[in-house]
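Okay, structure first, notes after.
The values are calculated or read from the model by the stated rules, or taken from the named source; none is laboratory data. Keep in mind that what you see is a predicted model, and the values were worked out from it rather than measured. For neighbour counting, all protein chains shown are included, and Cβ atoms are generated from backbone atoms with ideal geometry for every residue, glycine included.
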There are 2 protein chains.
Amino acid sequence: MKATRNHASTGILLTDQYQLTMAQLYYRQGLHEKEAQFDHFFRSYPDYGKHKAGYCINAGLAWLLDWMKGVCVRDDEINILKSQTGRAGDPIFGEDFLDWMRTPSPFADLEVDAIPEGRVVHPNVPLTVVRGPLARAQILETPLLNHLNYQTLIATKASRMAGVTPNSLLLEFGLRRGPGRGAVEGTRAALIGGADFSSNVGISHLLGCPPKGTHAHSMVQVFMALGGSELDAFRAYADVYRDDCLLLVDTIDTLESGIPNAIRVFEELREKGHQPVGIRLDSGDLAYLSVHARKMLDDAGFEEAIIVLSNQLDELVIWQIITQIQEEAPCLGLEPDHVIDKLAYGVGTRLISSKGHPALDGVYKLVALREKDAWVPSLKISETPAKIPNPDYKRVWRFYDEREKATADVLALSHEDPRTWREFTLHHPSEHNVKRVVKAGEVSAVESLLERVWEDGRVAVDVPALGEIRARRQADLERLDPGVCRVMNPHIYHVSLTEHLWDEKQKLIASLIP
Amino acid sequence: MKATRNHASTGILLTDQYQLTMAQLYYRQGLHEKEAQFDHFFRSYPDYGKHKAGYCINAGLAWLLDWMKGVCVRDDEINILKSQTGRAGDPIFGEDFLDWMRTPSPFADLEVDAIPEGRVVHPNVPLTVVRGPLARAQILETPLLNHLNYQTLIATKASRMAGVTPNSLLLEFGLRRGPGRGAVEGTRAALIGGADFSSNVGISHLLGCPPKGTHAHSMVQVFMALGGSELDAFRAYADVYRDDCLLLVDTIDTLESGIPNAIRVFEELREKGHQPVGIRLDSGDLAYLSVHARKMLDDAGFEEAIIVLSNQLDELVIWQIITQIQEEAPCLGLEPDHVIDKLAYGVGTRLISSKGHPALDGVYKLVALREKDAWVPSLKISETPAKIPNPDYKRVWRFYDEREKATADVLALSHEDPRTWREFTLHHPSEHNVKRVVKAGEVSAVESLLERVWEDGRVAVDVPALGEIRARRQADLERLDPGVCRVMNPHIYHVSLTEHLWDEKQKLIASLIP
């Protein structure tokens, strides 16, 4: 077996076979250059079983654009396609089509609009809109979804975890349990969505975010196997990392051994003029141990030392820990907020794998084709009305209410500009007779969400730094109703169609039903 | 933001920060060259909520070895580490340690034993054993787990799906919903575990397995938007792919439009001397539609045409479809097996994301350190006895019973060779007093599972082709008790310790409890 993944597995052939067979069919029919529009959107929020999301954080776009910029169709990739044969032994792809495929910039003729990374996004709203030659846009489907689905999923999960711990550090530790090389993308998405730092060294550095970490149980085991003790291990660590000393205290017994030994080492550091960082708890009843550890650290004069918690954490577990601390801290004479504010959380498996909902259902649907000068809307009928996409060349508008909170995302036909309207009829995307009328006076702002990110074979935006993407996320979350951000049973955010788009969709559905 | 993932995110820095801080500590303490042994194993089978696995399929090793072979520590990576500063502003990593880090082959001094890819494996059994200089073996932890956890998870899920459809093609379609670049690894693991083919073009080719695929709804939409019909789309497809014609029939209405149109096109093909491949159903009641589609195809003389099913399939959904067909087929005068044997399954999201259990809990634990000429066993105590690893330098033996079915995996001390014994006392790994005695006469074979895969900085095995890995999987599954393979409530396979290993473990635990 060729063990390597080389560029043939990550370049233009990082796609589904049927994109290429369809592209060849379009080529043969003379349809390949016909201008088409595909919308990328997801259909439903992640639903983790016991709890579900009320919003998502958009992520992955910069790496998609980077891939589009870098990808070219090389001779060896053409040769791979040339080598494919069908059942009768003939080549699947003809020389004519392969000549068309062979290009240094396969996506040069596409235009892509997208909602920027870090922004709060909702179901059925086009997050990415691809326009251009049908066959090129078709081939982009799979790599686009591959780049955007996973990062948006993980950014969303991270945002939920950060949402329950707004004053604490959130550390991403998932590389070892992550989905192979995809964990690198998961780390990036976690840092966009709400993780403050990650343990993943390489990608953290590339993103300008210093990696974080301390030590494992194995370090204590090494000293013990060689006849030493936990205290020896801690002393050695404190000697090397005097100003960055964070000790894992549960290798033997947290309360009886780990914390007393850590405090002893912290006292030695203090005598030498150094301030310890804190301790990490990785097993046991983390809420109970946090309160007791806090008490022991405070009594020894280390009120500033932090306590990092890890071990199968997610937003519900963290929420439960905080709730339990609020109950238990007073029993030891501690202010709950003092305990809680000095906690940090190391989140691994359940963030990087989005446990409970491990894949976002993002899709990429043909919504219009250009015939001469007009866009002809297109859609696919489904027995489930909510699964019928919204046709045509559209724009996306976000409405803010008098409180400056986002109140609806509105899909409109491209010529409609709600900024000039005095009254808005907002239609449910699939339910007949579910609509509401909003007066201009109730709306403090109307914002256009899509921006041009790719044209003329080039990235058309300044690719933002991590800090800027995070600032967008933060600003959007602050403009979201707290009920929508809620971890359990969130309010349903409104995604609506304008009256014109609704009418067009109904007309099209009627024409397609056999 | 630097949008690229370059080698800094996938080379030696594809690791957790604490591996490097621990390595530096070992270096400073003069412990970095001390010979250590780490065991990699998982603790529990994937548990999908409504159902759980009774075995796993080992996967990922070839790509780990490939990574180990290719990785070197480059100047730019050293510079990244050099640039890291602690809280006090001083560099975290010293020049002395970085000089030690800088090497063309960081894992040259390690020896790695492993259970081959494709083999059936069980919890708490060392799948990979790493021996060598402590600091080097420590740094390998994260990339090793990253390479092995996800592929083993996905190979296992694929094996379960293949297990319920032994006579049907299983097609992997998950790239679009997969975890970013990790989907490439997911495809490979799916092909190892039980998928016959994948839609993912590049990696399928690299693995020597032709990619498969047909067309999407969008192709039919294109023809309709341009004033044509589903029939026009099908005809165009059949014209280009005469010997490979597989049509997606649910864009408008499966029974009223899609299948009649497909049959018409198939008849036209037949007149020209071509045999159609079949149809694909992607929505609706797949069992009901399969039976009716079969009847319609058969009545038109296309008994050989296959029916590909897709849409949120997993092992339970497939099982349910088969069960329903067994009930419904006779109502239309069809043999259930005739309907079932001509089905193929396209599995996407739920395979590539291992929905229900999206991360395997593989760990990498220090189990021994060499002091002078002897291995000193090491372990980490846990309040949960099942979480205490098995110490020391061990071997792994698989016992087969008189039926030549695997009956237990036995962990033994390295000098023990059960092939020479007349009677075996097999101990539960954590429960006192749970043991059984097996006589040599009841054992048809004893097999050593670990083989040397890496030494002297080189891959020490011939890396097998996909076909060989699949053959191993098949042979192991045939030697597994059907109760262990069962999709729901599987029998628990025995993983046991020899009496000597059990005694040593207990002695060590007693010595460590404070």
* Identity of the residue in the stretch B:41-50, away from chain A (no Cβ under 11 Å) and not in a loop (DSSP other than H, G, I, E, B), that ends up nearest to B:ASN146 (Cα to Cα) -> B:PHE41
* Asked: Looking at B:GLY178, is it of a type in the set (Gly, Ala, Ser), at the interface with chain A (Cβ under 7 Å from one of its Cβ atoms) and under 23 Å from B:ASP47 (Cβ atoms)?
  -> yes
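Each row is one residue, and each column tells you yes or no for (1) without any contact (Cβ under 8 Å) to a residue 24 or more places away in the chain; (2) crowded, with 24+ Cβ neighbours inside 10 Å; (3) under 30 Å from A:ILE492 (Cα atoms).
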position	(1), (2), (3)
A:GLY118	no, yes, yes
A:ARG131	no, no, no
A:LEU169	no, no, yes
A:GLY182	no, yes, no
* Asked: Which residue out of A:PHE266, A:PHE234 is of a type in the set (A, V, I, L, M, F, W, C) and in contact with a Phe, Trp or Tyr (Cβ under 6 Å, 6 or more places away or on another chain)?
  -> A:PHE266
* With the checklist (1) of a type outside the set (Gly, Ala, Ser); (2) at the interface with another protein chain (Cβ under 8 Å from one of its Cβ atoms); (3) touching a helix residue (DSSP H, G or I) at 6+ places or on another chain (Cβ under 7 Å); (4) over 30 Å from A:LYS50 (Cα atoms) in hand, flag the one item B:ASP401 doesn't pass. => (2)
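Let's see how each residue does on (1) touching a strand residue (DSSP E or B) at 6+ places or on another chain (Cβ under 8 Å); (2) part of a strand (DSSP E or B):
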{"site": "B:ARG436", "(1), (2)": "yes, yes"}
{"site": "B:ASP462", "(1), (2)": "no, no"}
{"site": "B:GLN474", "(1), (2)": "no, no"}
{"site": "B:LEU480", "(1), (2)": "yes, no"}
{"site": "B:ILE492", "(1), (2)": "no, no"}
{"site": "B:LEU497", "(1), (2)": "yes, yes"}
* To do: Identify the residue in the stretch B:251-264 that is in a helix (DSSP H, G or I) and polar (S, T, N, Q) and, among all such residues, is surrounded by the most Cβ atoms within 10 Å (Cβ to Cβ).
  => B:THR254
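Can you confirm whether A:ARG294 is out of contact with any Lys or Arg (no Cβ under 9 Å at 6 or more places or on another chain) and closer than 30 Å to A:ARG486 by Cβ? Step through it out loud before you land on a result.
Working: out of contact with any Lys or Arg (no Cβ under 9 Å at 6 or more places or on another chain): no; closer than 30 Å to A:ARG486 by Cβ: yes.
No: the conditions fail for A:ARG294.
Working only within the stretch B:51-91, note down all residues that are among the aliphatic types (A, V, I, L, M), more than 10 Å from chain A (Cβ to nearest Cβ) and outside any loop (DSSP other than H, G, I, E, B). Let's see the steps before the verdict.
Residues of the stretch B:51-91 among the aliphatic types (A, V, I, L, M): B:53, B:57, B:59, B:61-62, B:64-65, B:68, B:71, B:73, B:78, B:80-81, B:88.
Of the ones still in play, those that are also more than 10 Å from chain A (Cβ to nearest Cβ) are B:53, B:57, B:59, B:68, B:71, B:73, B:78.
Selection gives B:ILE57, B:MET68, B:ILE78.
Just for strands (runs of 3 or more DSSP E) wholly inside the stretch A:109-219: which have at least 3 residues that are β-branched (Val, Ile, Thr)?
It comes to A:128-133.
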* **Test: B:THR323 is crowded, with 22+ Cβ neighbours inside 10 Å and of a type outside the set (D, E, K, R)** => no
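Filter the stretch A:220-250 for residues that are hydroxyl-bearing (Ser, Thr, Tyr) and in a loop (DSSP other than H, G, I, E, B); which is farthest from B:PHE93 (Cα to Cα)?
Just the residues of the stretch A:220-250 that are hydroxyl-bearing (Ser, Thr, Tyr), to begin with: A:229, A:237, A:241.
Next, only the ones that are in a loop (DSSP other than H, G, I, E, B) stay: A:229, A:241.
Details: A:SER229: 25, A:TYR241: 10 Å.
Checked the stretch A:220-250; the qualifying residue farthest from B:PHE93 (Cα to Cα) is A:SER229.
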* Selection count where residues are within 13 Å of chain B (Cβ to nearest Cβ), charged (D, E, K, R) and under 16 Å from the mean Cα position of the chain (by Cα), scope the stretch A:112-145 -> 1
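Take the stretch A:408-426 and flag every residue that is more than 28 Å from A:ARG472 (Cα to Cα) and either surrounded by 15 or more Cβ atoms within 10 Å (Cβ to Cβ) or in contact (Cβ under 8 Å) with a residue 60 or more places away in the chain (or both). Outline the logic, then answer.
We begin by selecting, within the stretch A:408-426, every residue more than 28 Å from A:ARG472 (Cα to Cα); these are A:422-423, A:425.
Answer for the stretch A:408-426, where residues must be more than 28 Å from A:ARG472 (Cα to Cα) and either surrounded by 15 or more Cβ atoms within 10 Å (Cβ to Cβ) or in contact (Cβ under 8 Å) with a residue 60 or more places away in the chain (or both): just A:THR425.
Considering each of A:LEU25, A:LEU13 in turn, give the residue that is crowded, with 21+ Cβ neighbours inside 10 Å, more than 33 Å from the chain's Cα centre (by Cα) and outside the structural domain of A:GLN474 (by TED's automatic domain parsing). First the steps, then the outcome.
Numbers: A:LEU13 fails: more than 33 Å from the chain's Cα centre (by Cα).
Just a single option satisfies the conditions, and that option is A:LEU25.
I need the full set of residues from the stretch A:366-384 which are within 8 Å of chain B (Cβ to nearest Cβ) and over 18 Å from B:GLN312 (Cα atoms), in order please.
Taking the stretch A:366-384 as the starting set, the residues that turn out to be within 8 Å of chain B (Cβ to nearest Cβ) are A:366, A:368-369, A:371, A:376-383.
Of everything in the stretch A:366-384, those that are within 8 Å of chain B (Cβ to nearest Cβ) and over 18 Å from B:GLN312 (Cα atoms) turn out to be A:LEU366, A:ALA368, A:LEU369, A:GLU371, A:VAL376, A:PRO377, A:SER378, A:LEU379, A:LYS380, A:ILE381.
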* Report, by residue number, each residue of the stretch A:246-265 that is closer than 18 Å to A:GLU304 by Cα and among the hydrophobic types (A, V, I, L, M, F, W, C). => A:LEU246, A:LEU247, A:LEU248, A:VAL249, A:ILE259, A:ALA262, A:ILE263, A:VAL265
* Given the conditions (1) out of contact with any Lys or Arg (no Cβ under 7 Å at 6 or more places or on another chain); (2) facing chain A (nearest Cβ under 7 Å); (3) small (Gly, Ala, Ser), and given that B:GLY194 satisfies all but one, which numbered condition is not satisfied? -> (2)
* Asked: Inside the stretch A:221-256, can you point out the residues that are more than 8 Å from chain B (Cβ to nearest Cβ) and of a type in the set (A, V, I, L, M, F, W, C)?
  -> A:PHE223, A:LEU231, A:ALA233, A:PHE234, A:ALA238, A:CYS245, A:LEU246, A:LEU247, A:LEU248, A:VAL249, A:LEU255
* **Scope the stretch A:497-514; condition buried (at least 19 other Cβ atoms within 10 Å of the Cβ) and hydroxyl-bearing (Ser, Thr, Tyr); matching residues** => A:THR498
* To do: Return a yes/no flag: does the stretch B:92-99 have any residue that is more than 21 Å from A:GLY178 (Cα to Cα) and assigned by TED's automatic domain parsing to the domain that holds B:PHE38.
  => no
* **Flag for B:TYR345 being within 23 Å of the chain's Cα centre (by Cα), crowded, with 18+ Cβ neighbours inside 10 Å, at pLDDT 95 or above and at the interface with chain A (Cβ under 10 Å from one of its Cβ atoms)** => no
* **The one condition in (1) surrounded by fewer than 24 Cβ atoms within 10 Å (Cβ to Cβ); (2) over 19 Å from the mean Cα position of the chain (by Cα); (3) acidic (Asp, Glu) that A:GLU230 fails to fulfil** => (1)
* Asked: What residue, of B:LEU286, B:LEU297, B:LEU281, is out of contact with any Leu (no Cβ under 9 Å at 6 or more places or on another chain), among the aliphatic types (A, V, I, L, M) and surrounded by 15 or more Cβ atoms within 10 Å (Cβ to Cβ)?
  -> B:LEU297
* Looking only at the stretch A:37-51, decide whether some residue is among the polar types (S, T, N, Q), buried (at least 23 other Cβ atoms within 10 Å of the Cβ), assigned by TED's automatic domain parsing to the domain that holds A:VAL396 and under 23 Å from A:LEU366 (Cβ atoms). => yes
* Structure fact -> For the stretch B:12-40, the count of residues that are within 7 Å of chain A (Cβ to nearest Cβ) and either small (Gly, Ala, Ser) or in a loop (DSSP other than H, G, I, E, B) (or both) equals 5
* Asked: Which residues, taken from the stretch A:454-496, are in contact with a Leu (Cβ under 9 Å, 6 or more places away or on another chain), surrounded by fewer than 17 Cβ atoms within 10 Å (Cβ to Cβ) and closer than 18 Å to A:ARG188 by Cα?
  -> A:ALA465
